[in-house]
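Since the structure comes first, as structure tokens, the remarks are kept for the end.
The values are calculated or read from the model by the stated rules, or taken from the named source; none is laboratory data. Predicted, not measured: the structure shown is a model, and the values here were computed from it. No Cβ is skipped: glycine too gets one built from the backbone with ideal geometry, and neighbour counts run over all protein chains shown.
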Amino acid sequence: MSSLFAHNALLPQGWVSNVRLHWNDDGDFNQIEQNTELQAYENQVQFALPGMTNLHSHAFQRAMAGMTEMAGEGKDSFWTWRDLMYRYALHITPEQIQAIAAQLYAECLRHGYTAVCEFHYLHRDQDGSFYARPAEMAERVIAAAEQAGMGISMLPVLYSYADFGEQMLRHDQRRFSTNVTEIMQLITALEGKRSAQVEIGVAPHSLRAASISQIRELVAALPGARPIHVHIAEQQKEVDACIAYSGRRPVELLLDTGLVDERWCLVHATHLNKAEVQGIASSGAVAGICTTTEGNLGDGFFDLPDYIAAGGRFGVGSDSHVSQSPVEELRWLEYGQRLRLQGRNIASIPAQRKVGDFLYQAALQGGAQASGRQLGQLSIGYRAEIVVLDDEHPNLAGISSADVLNTWIFAGNDNLVRDVYVGGKLVVQNGKHLQQAEIQSAYGACIRSLRAL
Ligand code: NGQ
Ligand code: ZN
């Protein structure tokens, strides 16, 4: 099948009724009919919308979700969590990262993510030497995406230093260790994987882990318009350390390079002053917001209202994978602002007052831009990625399309995603991932051995 009739489809201009979506053998939309009529025996759905890009993922961290929620002796923080996370990171083998990523991506697909940006830094073997194939770990993650049917932007991470001022890496960071030459070699090794489903970009980890001169060198060496992601200002301690080192805040320091443009995704732009909010917005870069992880790690709140007012672009990611659902990211993005500002219906603009619709459409566009791929629209030339919602669920029964997104995002916890197409291929049907049994059994074996550690 290469077409689908939707009684209601979310097109770029909003919900449109009686739409037929067509795609070609490459998995791109090649015709969108509007005001058309349902034909006999045609495959039809009630509500069809574009799939969401998950713009920030560290796939291996899926295996430790739920395992770090116990108070330690002193005050717990992002930094104590990070020590625990490094302990897990030291154990993951190539087979395990593939099993974990496949499980994660299948879960993400079941919840309506159809593409992922993988911020991948587990490059080296446990002892700190490169594998015989230096890109082995990245290749495994790409193989997992292929297995699950998820589109992927693989972003090999440059991680050279332990902190500002080019401080030597800690022993427990040895698997991440790379310099610019090594990252460019990894990217070159991965070039052959590029396809309609796979893009290769790059990610300087943070201004702690990569110096400004390295970032300049990396961006200059990068072929063409590839996505560039960075963790920017997640923790106050990191902002303070950046000021102590450079006299400037991290976003200021990065923007002052003049490098930041539409290729960039600034992940965790949590701590911003007013000028930085304007600066990111006018650069055309995407702010990568990972609400559930930011909540889990105690990062702080993104200044959403000012950023929206400045016309800033944003998308969402599940980062450490305490959640695998775009609904939860978008819901908590809004709820965080309501709690912070003691108000309601914050994420909206005069032209779009429905919060769910504003959030979903904005995150579709921002996520797609951050992926460096043609995603996020039911339009000709874009990847045929379609999420079909379960119109038989009580929440959606008899609903008008105008209320679908608000209901999906703000009402209840049932997963309303019924079917998912990626690159024109059905990967989730009736709420089940089509490879679920195999993927889950490999993950089960992997997680049992990790838990036994
Ligand atoms: C990461 N996590 O890359 O997984 C980081 C911690 C680090 C978040 N920034 C690792 N949420 O800072 O070295
Ligand atoms: Zn991250």
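Figures for the structure shown
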item	result
R140 vs. criteria at pLDDT 95 or above, more than 16 Å from ligand 1 (Cβ to nearest atom), surrounded by 19 or more Cβ atoms within 10 Å (Cβ to Cβ) and of a type in the set (K, R)	yes
Some residue of segment 226-239 being within 18 Å of L155 (Cα to Cα), touching a Lys or Arg at 6+ places or on another chain (Cβ under 7 Å) and more than 16 Å from ligand 2 (Cβ to nearest atom)	yes
Positions within segment 261-275 being away from ligand 2 (no atom under 16 Å from the Cβ), crowded, with 22+ Cβ neighbours inside 10 Å and hydrophobic (A, V, I, L, M, F, W, C), in sequence order	L272
Test: E199 is buried (at least 16 other Cβ atoms within 10 Å of the Cβ), in contact with a Ser or Thr (Cβ under 9 Å, 6 or more places away or on another chain) and either closer than 28 Å to R249 by Cα or in contact (Cβ under 8 Å) with a residue 40 or more places away in the chain (or both)	yes
Among residues of segment 297-308, those that are assigned to a helix (DSSP H, G or I) and either under 12 Å from the mean Cα position of the chain (by Cα) or touching a residue at least 40 places away in the same chain (Cβ under 8 Å) (or both), counted	4
Single residue of segment 27-71 satisfying the filter (outside any strand (DSSP E or B) and of a type in the set (D, E)) that is surrounded by the most Cβ atoms within 10 Å (Cβ to Cβ)	E42
Exclusive hit being among the hydrophobic types (A, V, I, L, M, F, W, C), more than 16 Å from ligand 1 (Cβ to nearest atom) and touching a Ser or Thr at 6+ places or on another chain (Cβ under 8 Å), set A310, A362	A310
Selected residue (criterion: nearest to T114 (Cα to Cα)) from residues of segment 311-346 that are more than 16 Å from ligand 2 (Cβ to nearest atom) and in a loop (DSSP other than H, G, I, E, B)	S325
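Each row is one residue, and each column tells you yes or no for (1) touching a Gly at 6+ places or on another chain (Cβ under 7 Å); (2) over 13 Å from H120 (Cβ atoms); (3) at pLDDT 95 or above.
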{"residue": "A196", "(1), (2), (3)": "yes, yes, yes"}
{"residue": "S206", "(1), (2), (3)": "no, yes, yes"}
{"residue": "A210", "(1), (2), (3)": "no, yes, yes"}
{"residue": "I215", "(1), (2), (3)": "no, yes, yes"}
{"residue": "L218", "(1), (2), (3)": "no, yes, yes"}
{"residue": "A221", "(1), (2), (3)": "no, yes, yes"}
{"residue": "G224", "(1), (2), (3)": "no, yes, no"}
{"residue": "P227", "(1), (2), (3)": "yes, no, yes"}
